[in-house]
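The values are calculated or read from the model by the stated rules, or taken from the named source; none is laboratory data. From a predicted model like this one, the values you see are computed outputs, not experimental measurements. All Cβ positions, even for glycine, are placed from backbone atoms using ideal geometry, and neighbour counts span all protein chains on display. The area values use the complete protein model at the heavy-atom level, side chains included, leaving out ligands, DNA and RNA. Shrake-Rupley method; radii C 1.70, N 1.55, O 1.52, S 1.80 Å.
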Amino acid sequence: MRRGSIFALLGIGIVAGGIATAVAVLLPWLPEDASRERGRIDFVFWFTIVICIVIFALVVAVLLYSIYKFRAKPDDDSDGPPIHGHTGLEIVWTLIPTLLVTSIGIVSAIVLGRNDAQGKDVFRVNVTAQQFTWSFSYPEANNLTTGVLRLPVNRSVELSFKALDVIHSFWVPEFGQKQDTVPGLHTQLHITPDKLGTFPVICTELCGLGHATMRTEAIVMTTAAFDKWLKGQTAATGSPNPAVSGAAVFKNQPCGSCHTLTAAGATGKVGPDLDKLPQWATQAKQPLEQFIRTSITDPNAYTQPGFPKNVMPPFASLPKAQLDALVQYLIQSSKKG
Ligand SMILES: [Cu+2]
């Protein structure tokens, strides 16, 4: 092969690589970027992708050129020339990949190290994963427990995971990292949300029948709004007035995504209509209060005919004050409805 055609090939490969890279980088393939860690992860991602695209384009250019240039003529039955190695080529095709892979390793190590480094004044949240729900508790606020994750913007957040049954995996695409939650293991994830908004929290480890429903939301708020919310919640869930506090607990937990309850504006259809609780309790031959309480902490103790077993998660870890308030709230609102 003449030197000229080698340079032509290189040229074609690099131009094709450049075009493919432009398509990859300019089209918005990835979800919105909402954390500092995500920006760094994206950098590693594109660093690697661009290398892959350019190498791929070069290889395909050489391949297509060879298929065209060195094809046998229809009447040519002769053997090809006997070729034995090419030291120069071998050095080149060993050295280039070694350098590229090593550089990817170095960039990744730097990014991982930076992403795990916490800032000052870390905000801690304990995350509990269970079939098929997430709950979040805030040690800074008396272990207030919610079903929606709320975070202050631009503050270092440390999520500590506990799994009650099987392996789950925490994922907010906009935050850019995933973390498995493993029974018996204490796993953690550090994030610094840097954009206000509401983002999906997804379980990304097939964990059973209701895996697809194991979703909630992460709401990133301004520091002022967050502090105000935190104060309001602590006040509401500690309040002696059950109508107020129970409503807050119901809203904070994922109940409404599966149940209908007019008083809370909930319209879920996965579980029984909670407006008809007195009727269901009579049907189960249990006193109303006891029926509701057991149904929440141990749903499989009694399964309502026509509804699936093992879909409602047990809320056994709900603090007693919140559970009491929730039960009273359900008694009152179902009698009204
Ligand atoms: Cu799961």
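Only beta bridges with both residues in segment 123-228 are counted; by DSSP, about 70 percent of them are antiparallel. For the pair residue 301 and residue 167, label points projected 7 Å from Cα toward Cβ lie 3.3 nm apart. Between residue 91 and residue 43, the FRET efficiency from the beta-carbon distance, with R0 = 25 Å, is close to 0.25. Computed over neighbours whose Cβ is under 15 Å from that of residue 25, the net charge equals -2, Lys and Arg +1, Asp and Glu -1. Annotation: residue 160 carries an accessible surface of approximately 20 Å², with a 1.4 Å probe and no ligand, DNA or RNA atoms counted.
Could you tell me the ratio Rg/Rh of segment 21-99? Both radii from Cα atoms, Rh via Kirkwood. Display every interim value, and only then the final one.
Values: Rg = 20.1 Å, Rh = 16.8 Å.
Result: Rg/Rh = 1.20.
Ligands, DNA and RNA left out, the 1.4 Å accessible surface of segment 127-191 is 46% carbon and sulfur atoms. Accessible surface area normalised per residue over segment 153-211 is 42 Å², counting heavy atoms of protein chains with a 1.4 Å rolling probe. Counting only protein chain heavy atoms and rolling a 1.4 Å probe, the accessible areas of 168, 86, 186, 259 rank, largest first, as 186, 86, 259, 168.
Taking amide H as placed 1.01 Å from N in the peptide plane, residue 201 has its amide H under 5 Å from the amide H of 216, 217, 218, each at least 5 places away in sequence or on another chain.
In this structure, the pairs whose alpha-carbon distance is over 19 Å, taken from 231/251; 195/231; 285/335; 178/228, are 195/231; 178/228.
Per residue, how much accessible area does segment 1-66 have with a 1.4 Å probe, in Å²? Don't skip to the end; give the middle numbers.
Values: 4220 Å² over 66 residues.
Spelled out: the 1.4 Å probe surface of segment 1-66, per residue, equals 64 Å².
A Cα-only calculation for the chain places Rg and Dmax at 28.9, 96 Å.
Remark on residue 180: its backbone amide H falls under 5 Å from those of 170, a criterion applied only to residues 5 or more positions apart or on other chains, H modelled at 1.01 Å from N.
Which helices count as membrane-span-like in the chain under these terms: full DSSP H, at least 18 Å along the axis by C-alpha, Kyte-Doolittle mean of -0.5 or more?
Details: long enough: 3-26 (34 Å, 1.91); 36-69 (50 Å, 1.50); 87-116 (44 Å, 1.23); 223-238 (22 Å, -0.30); 320-336 (24 Å, -0.29).
Membrane-span-like by this criterion, though nothing is claimed about a membrane: 3-26, 36-69, 87-116, 223-238, 320-336.
A dipole drawn for the chain from +1 and -1 charges on Cβ atoms has a positive end, and of 134, 41, 169 the residue lying farthest that way is 134.
The fraction of accessible area contributed by carbon and sulfur in segment 238-336 is 61 percent, rounded to a whole number (1.4 Å probe; ligands and nucleic acids excluded). Think of it as helices only: each DSSP H run of n ≥ 4 in the chain is worth -39500 (n - 2.57), and spread over all residues that comes to -15000 deg cm²/dmol at 222 nm.
For the pair residue 109 and residue 67, what calculated FRET efficiency results from E = 1/(1 + (r/R0)^6), where r is the Cβ-Cβ distance and R0 = 25 Å, to the nearest 0.05? Don't jump to the answer; show the numbers that get you there.
Working: r = 40 Å, r/R0 = 1.59.
Computed FRET efficiency for residue 67 and residue 109: 0.05.
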